[in-house]
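All remarks here apply to the structure that follows.
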Amino acid sequence: MNNVPTVFKREMISYFYSPIAYIVIAVFLVFSGYFFARILALTQQATLTYSLANTQFILSILAPVITMKLLSEEVRSGTIEMLMTAPVTDFEVVFGKFLAALFLYLVMLAPTLLYVVFLNWVGKPDIGPIISSYIGLALMGSMFVSVGLLMSALTKNQVVAGVTGIVTLVILFFAGYAVSGTEGWYVAALQYIGTYDHWESFTKGLVDTRDVVYYISITALCIFIAVRIVESRKWR
Amino acid sequence: MIKVDHLTKRYGDKTAVDDISFEVQEGEILGMLGPNGAGKTTTMRILTCFTPATSGSATVAGCDVFADSLRVRRQIGYLPESVPLYLDMRVNEYLLFRAQLKRVPRKEIYPRIEQCLEKCGIVEVKNQIIGTLSKGYRQRVGLADTLIHDPKILILDEPTIGLDPNQIRQVRQLIKELGQRHTILLSTHILPEVEMICGRVIIINRGKIVANDTPSNLVARLRGGATVSLEAKGPSEVIERALREIPGVIRVTGGNKGQVNQFLVESDKGKDAREDIFKTFARNDWILLEMKRDVMTLEEIFHQITTQEAEEAYREEVSQRPAGGVKERLSGILGRLKR
Ligand SMILES: Nc1ncnc2c1ncn2[C@@H]1O[C@H](COP(=O)(O)OP(=O)(O)OP(=O)(O)O)[C@@H](O)[C@H]1O
Ligand SMILES: [Mg+2]
């Protein structure tokens, strides 16, 4: 675990030297600001529920953009050879990169706290759902980032990694969404696998352990598989 | 320090490294010489725990490269062939990252970085982004990185490739200096380099070791006798006859070249004809302008060994190839498909 901070720091340097971090943050702020303003104008309510609920789709697209280069670029450019011949474990590398991407994701969310300040200024928002929403966003983020990271481990082409990550997350998003309101044996299964329903309760001020377990276990699973993929180099 | 034992590496049905064994003693500089695709990089990647061997074993500083990989990696500094660096980082940021990754004690990190920057001559570019550096400077950054944790063993894959002649000299000098404190395994195509800096050479070809000796022994073993080239003034035919009569001389070639005569005198294995040649000239009062012994260079030896091997392998391959060319086989397959 000792090298996790070192790997993390290197990824942060790389993020902020490249335009990708700024582009992702800018895109997110434009969309979330738009939703915030539109929804505020429509509902005239001092609440973040709807505008944060809407961000899930954008985050499904932006999270893989954050993670796409993490492992694929190492392989493509050959720097993996330098990295892995240093005394680091595969887990340290993968986990350090995961934390860096998660951190950038949280940095991206941070400016939306200004909306909370703004709401407090214009009205009296219910602070409970806001807090739970942010907890949910963080958990969801760790899952999205881990899915993106896994895709990045699977290919050495970062564009492929990004696109497959986005497709996977969007399918997971719609898996629950598309069947909501219908019936059948598959509905419960799809709703459980899908990201949509797990997120919804957070926006209502609930932190349900089932949802927390869902996000954390998928995160752990993706990181585990990514480590195995990096490791697989050793038995090929 | 490094012990390689019956190491084999296959990629699919292609054998990159074929049952090789060698050792590198502490403090030794061992050069690995071989044509493209010989298996040098593959061997080094196995030793640095980057790729696993198909069979056989290798130990570095007493630790097995597969079972004890972290400990092995702590002891080595590895410079990969293509010198892959993070192009988006600055030189000193990169070295800081590498030093932390290789667990250099916190207090020593900055002095070590300064030291390595200086040793590799990159102090003036330390704040530059690596992506903007020239190939030679990147090479030096890579070299600085291999030294940053003061490892016992250096594994350098073609360390002077892509450098200009001045830099090549500097890097060779540096490697020689490093050889006093480190055990070094390096690979190269450049023969004079091996002669200059290595205490011992392994010539590797098609995954097999074909020679393992000191550079001077290799030369001596492959060509016992020597060729002496002469430049002289005097009656060319008479001189030639006199030279032939010297005991041990096998062949004399050459003759009158305008103002002077040039001869090539080949003598028996283990026989140095120079003394007799000199005496013959002195006795006859001929004028000897130049006398030089041509020793077979490592280059020629390398060429001889590797092409011999290649020819043999080619002949083997041809004799084993099934009758009929690609065309016949293809039409055979097509015929079967039609049926
Ligand atoms: N990842 C791989 N997959 C398949 N074959 C490989 C792989 N890596 C190396 N090879 C093959 O193994 C053989 C040895 O390659 P290697 O890179 O070790 O040669 P080398 O001696 O370093 O050559 P060079 O002087 O060109 O660097 C080559 O024929 C190469 O094609
Ligand atoms: Mg090579």
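Read-outs: derived from the displayed coordinates by stated rules, not from any lab. Here the structure is a predicted model, which means the values were calculated and not measured. When we count neighbours, we look across all protein chains shown, and the Cβ atoms used for this are built from the backbone with ideal geometry, even at glycine.
Worth pointing out:
- Note on A:F202, A:F144, A:F28, A:F118: ascending count of other Cβ atoms within 10 Å places them as A:F118, A:F28, A:F202, A:F144, the fewest first.
- Packing-based exposure ordering (other Cβ within 10 Å, fewest first) of B:L264, B:L30: B:L264, B:L30
- Other residues lying with their Cβ under 13 Å from the Cβ of A:D211 contribute a combined charge of -1, Lys and Arg counting +1, Asp and Glu -1.
- Cβ-based net charge around B:V24, under 9 Å, with every Lys or Arg adding one and every Asp or Glu removing one: -1
- Gyration tensor (alpha-carbon) shape descriptor, the range B:2-220, a/c threshold 1.5: prolate
- Computed over the range B:44-99, relative contact order equals 24 percent, with contacts defined as Cα pairs under 8 Å that lie 6+ residues apart.
- Cα-based shape type of the protein assembly as shown, given that a ≥ b ≥ c are square roots of the gyration tensor eigenvalues and the cut on a/c is 1.5: prolate
- Dimensions in Å of chain A - Rg and Dmax from alpha carbons: 18.6, 61
- Cross-link pairs beyond the 29 Å C-alpha cut-off, checked among B:K3/B:K176; A:K9/A:K124; A:K69/B:K126; A:K97/B:K102; B:K3/B:K102: A:K9/A:K124
- Fewest neighbouring Cβ atoms within 10 Å first, the residues A:Y22, B:Y137 line up as A:Y22, B:Y137.
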